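Beneath this line is the structure, given in structure tokens, with notes to follow.
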Amino acid sequence: MLKIKSARVIVTSPGRNFVTLKIETTDGITGIGDATLNGRELAVASYLTEHVCPTLIGRDAQAIEDTWQYLYRGAYWRRGPVTMTAIAGVDTALWDIKAKQAGLPLYQLLGGAARDGVLVYGHANGETIDEAIEAAKRFRSEGYLAIRLQCGVPGLKGIYGVWGKQRHYGSAKAGVPVENTWSTTKYLPVVPKLFAAAREALGWDVHLLHDAHHRLTPIEAARLGKDLEPFRPFWIEDMTPSENQESFRLIRHHTTTKLAVGEVLNSIWDAQHLITEQLIDYIRMSVVHAGGITHLRRVAALADLYQVRTGCHGAADLSPVCMGAALHFDLSVPNFGIQEYMRHTEETDAVFPHAYKYADGMLHPGEVPGHGVEIDEALAAKFPYRQASLPVNRLEDGTLYNW
Ligand code: GCO
Ligand code: MG
């Protein structure tokens, strides 16, 4: 039996905070898992250090399913982002160990490659439509086959997904949350103009995506979906919050625009009706926030029965460890759709050396045993934790709204 000798949490902030769990076995194999929950990092770090790591010592490192059940059922308190992110850290590290022990890239243990590479989408954004189109053209020149478009809304400052001159996306800022202002009335006419300009400038041989970031009511979402139909978006994401899964039926009744949901979901139960009632087209749950490879595969298997495809969340606040693991999942799962890909900063890439590589619009996880991502602990130690919060959003009359 391969026993767990140690389990340690490493918090580092090479530009933004990342929480990593490192597990070592008695015969010296190490594995790592991402356990980062943007803006709530230390809650997961403490959950792991105080409540999970002590129970891992001496356990069978190969018994991944048993450990998953032990952490899920054994906590008594089920689900929730903190718990499921902590479980994901353990689960990802154990899959990394198992694949290293087998001497195989992780995707081989998940059934082998079901495709040549992983289609990814990049993020083009700008304060104006023209700026966003210019950014999209740059992605096209780098070979991207799918591009997410976000632009500013005249009269509103600090729009989600638009990061101006800053080179890398950083939604969390030090201190208490920054406050943005929102108006759906101002936003709704802008997106069809953005998509019309994009089709005009980029043509039809590219997938275009957009994220409404939970800000519309179902009927507003239905309207946006209809307005965008002529431009054939690949998907529109998070049009309305998904706590009320049933509300997506209303959107569906009005539009054939494809719907993607799930980056804030953390268990199969959060998506059960969305999937089984075929209310969405893409499920965006991630390795890190949805209980690791073990649970995400279960979600994908359910989704496959209902022709729902995967589209894993891959923002820059999910660490390269999550990206590496996600790419093995993406390569092997039958109902893969697309993978979000936001590049990390150079500092982050240096702290997390990785085998995955981008070429011609696709990522490939590489052929290194395990998930192919490591952590340089000496370098990580040079970037101590820095408190940061995600913004909040208010309507123009001051009412607190969804960010
Ligand atoms: C996306 C997401 C992110 C989130 C971020 C929150 O589609 O990539 O919406 O941008 O806002 O991950 O931490
Ligand atoms: Mg999103």
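Side notes on the structure shown:
- F231 under 17 Å from L188 (Cα atoms), assigned by TED's automatic domain parsing to the domain that holds C312 and away from ligand 1 (no atom under 16 Å from the Cβ): yes
- Residues in the stretch 338-365 that are buried (at least 22 other Cβ atoms within 10 Å of the Cβ) and not aliphatic (A, V, I, L, M): Q339, E340, Y341, H344, F352, G361, P365.
- Scan the stretch 183-223 for residues that are in contact with a helix residue (DSSP H, G or I) (Cβ under 8 Å, 6 or more places away or on another chain), more than 18 Å from G122 (Cβ to Cβ) and within 16 Å of ligand 1 (Cβ to nearest atom) and the total you get is 5.
- Test for Q272: is it part of a loop (DSSP other than H, G, I, E, B) and more than 16 Å from ligand 1 (Cβ to nearest atom): no
- Boolean, L318 is on the phi < 0 side of the Ramachandran plot and either part of a loop (DSSP other than H, G, I, E, B) or of a type in the set (S, T, N, Q) (or both): yes
- Any hit, the stretch 348-358, residues being of a type in the set (F, W, Y), touching a Leu at 6+ places or on another chain (Cβ under 9 Å) and at pLDDT 95 or above: yes
- Of all residues making up the stretch 280-305, the number that are more than 16 Å from ligand 1 (Cβ to nearest atom), within 25 Å of A221 (Cα to Cα) and in contact with an Asp or Glu (Cβ under 8 Å, 6 or more places away or on another chain): 0
- The residues on offer are L110, L56, and the sole one that is crowded, with 21+ Cβ neighbours inside 10 Å and either in contact (Cβ under 8 Å) with a residue 12 or more places away in the chain or in the same structural domain as F329 (by TED's automatic domain parsing) (or both) is L56.
The values are calculated or read from the model by the stated rules, or taken from the named source; none is laboratory data. Bear in mind that the values here come from a model prediction, so they are computed numbers and not experimental data. Quick reminder, even Gly has a Cβ in these numbers, built from the backbone with ideal geometry, and neighbours come from all protein chains shown.
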